[in-house]
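Below you'll find the structure, written out as C-alpha cells, and then a few comments.
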Amino acid sequence: MSDQGNMSAQPNLGNQVTSKGEKLLRQSAEMGNVKAMHNLGWRLLDGAGLAHNEQEGEMWLKKAISLNYDPALSALGWRLLDGKGITQNIPEGERLLREAAGKGNTYAMCSLGWAILKGTLPNSDLSEAESLLTRAAEGGNLDAMDSLGWRYLDASGFAYNQELGEYWLKKASEAGSAESMYQLGWRLVEGFTL
C-alpha cells in the first residue's frame, strides 16, 4: 500500500515553511532590521503564524521603537490599549498612540479615535475623535474615511451630516474601499442618500 493517500505519512510542509520563515525573521531582527523586529513582534503577540509569546513580542516591538521605527509605536500602542495578545495597559497604549499620531501615523489616529468612541479613553471627548479620524482620512486612510462616512450618516458618535457622510463614503469608494461601496450602495438603494 502506498503512503501517497495517507496524510499522516506526508511531511507537514506548512510547519517547515513557517519554521524557516520564523528563522529568517529572527535572524534579520537580530541583525538590526527594524522591519523584521516589528513584524516578529506583532506576530508573536497575535500568534499570527508564530506561537504566541507576550514577553518576546513586546520586547521586539520596543526594540524597534527604540530605533525610531514609528509603525511599531502604533502596533504596540493599540495592542496595549485593547489588551490584544498582551496585558492591557491603557495609559501606556494611549501614550504610544499619541506619539505615533503626532508623527503623522494615520493608523494611530484611527486607533485613538475609535478608542474614544468606544469609551476606552474616558477623559476624551467626541470632538477629539472626530478630529483624529478627519486627520487620518485627509491623510488617505480608507478606514478613517469609511468610519467618518457612516458615522456622519448614522449620527453615531457625531452629529448627523449628510454632506460630510456622503463625501467620505464617495471618496473612499473611489479609492477602492469595499466597505464604503457597500455603505454607499445600500443607502442609495434604500433612498437614504443622493
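At a glance:
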quantity: Long-range HN-HN contacts of residue 53 with modeled amide H, under 5 Å; calculated: 45, 47
quantity: Tensor-based shape of the stretch 110-180 (alpha-carbon gyration tensor, a/c under 1.5 rounded, otherwise prolate or oblate); calculated: prolate
quantity: Mean Cβ neighbour count within 10 Å, used as a protection proxy, ranking 126-135, 28-37, 103-112 highest first; calculated: 103-112, 126-135, 28-37
quantity: List 94, 163, ordered by accessible area with a 1.4 Å probe, largest first; calculated: 163, 94
quantity: For the stretch 127-177, size of Cβ-based charge dipole, Lys and Arg +1, Asp and Glu -1, in debye; calculated: 60
quantity: Environment charge at residue 70 (Cβ cut-off 12 Å; Lys +1, Arg +1, Asp -1, Glu -1); calculated: +1
quantity: Sequence-separation-based contact order of the chain, relative, with Cα cut under 8 Å and 6+ spacing, percent; calculated: 9
quantity: 1.4 Å probe accessible area per residue over the chain, in Å²; calculated: 54
quantity: Rounded percent of accessible protein surface that carbon and sulfur make up, the chain, 1.4 Å probe; calculated: 53
quantity: (1) 40; (2) 28; (3) 24, with the label sought being that of the calculated percent of Cα pairs over 29 Å apart; calculated: (1)
quantity: Counted charge near residue 136, where neighbours are those whose Cβ lies closer than 14 Å (Asp, Glu -1; Lys, Arg +1); calculated: 0
quantity: Cα gyration tensor shape of the stretch 139-183, rounded if a/c is under 1.5, else prolate or oblate by comparing a/b with b/c; calculated: prolate
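The values are calculated or read from the model by the stated rules, or taken from the named source; none is laboratory data. On a predicted model such as this, the values are computed, not experimentally measured, just so you know. Because the Cβ atoms are built from the backbone with ideal geometry, glycine has one as well, and the counts that use them run over all protein chains shown. Keep in mind that these areas ignore ligands, DNA and RNA; they rest on the heavy atoms of the full protein, side chains included. Shrake-Rupley method; radii C 1.70, N 1.55, O 1.52, S 1.80 Å.
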